[in-house]
């Protein structure tokens, strides 16, 4: 995680990821919840971190946004964190996206 305005980097590793999806106008919103592996700790300013993947109707990821308690927060994901989320999405969510949207 990178807090806006800070040069400090706090790398998180995710485990046990799970997703929900819903249509929102021209977009698909995919919320990913996860646990952290033992060595990872949330920055103390965050309570309940999730990832919101904003996707096209075809399922292409447009943006990956961190959220705290369901709202935008003052952090952004690192490239490694985004890659973990993108990999889970492509392997575990995209193949069953139609099922999740029912």
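The values are calculated or read from the model by the stated rules, or taken from the named source; none is laboratory data. Nothing here was measured: the structure is a model prediction, and the numbers come from that model. Note that each Cβ is placed from the backbone with ideal geometry, even for glycine, and that neighbours are counted across all protein chains shown.
Tabulated results
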{"read-out": "Lone unmet requirement of (1) assigned to a helix (DSSP H, G or I); (2) surrounded by fewer than 12 Cβ atoms within 10 Å (Cβ to Cβ) for residue 41", "value": "(1)"}
{"read-out": "Of residues in region 50-66 being assigned to a strand (DSSP E or B) and touching a residue at least 24 places away in the same chain (Cβ under 8 Å), the one surrounded by the fewest Cβ atoms within 10 Å (Cβ to Cβ)", "value": "62"}
{"read-out": "Selected residue (criterion: farthest from residue 88 (Cα to Cα)) from residues of region 27-38 that are exposed (fewer than 13 other Cβ atoms within 10 Å of the Cβ) and at pLDDT 95 or above", "value": "37"}
{"read-out": "Among (1) in contact (Cβ under 8 Å) with a residue 60 or more places away in the chain; (2) within 14 Å of the chain's Cα centre (by Cα); (3) loosely packed, with under 12 Cβ neighbours inside 10 Å, the one test that residue 69 misses", "value": "(1)"}
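Here's the yes/no breakdown for (1) at pLDDT 95 or above; (2) in a strand (DSSP E or B); (3) surrounded by 10 or more Cβ atoms within 10 Å (Cβ to Cβ); (4) out of contact with any strand residue (DSSP E or B) (no Cβ under 8 Å at 6 or more places or on another chain):
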residue: 12; (1), (2), (3), (4): yes, no, yes, no
residue: 15; (1), (2), (3), (4): yes, yes, yes, no
residue: 19; (1), (2), (3), (4): yes, yes, yes, no
residue: 22; (1), (2), (3), (4): yes, yes, yes, no
residue: 45; (1), (2), (3), (4): no, no, yes, no
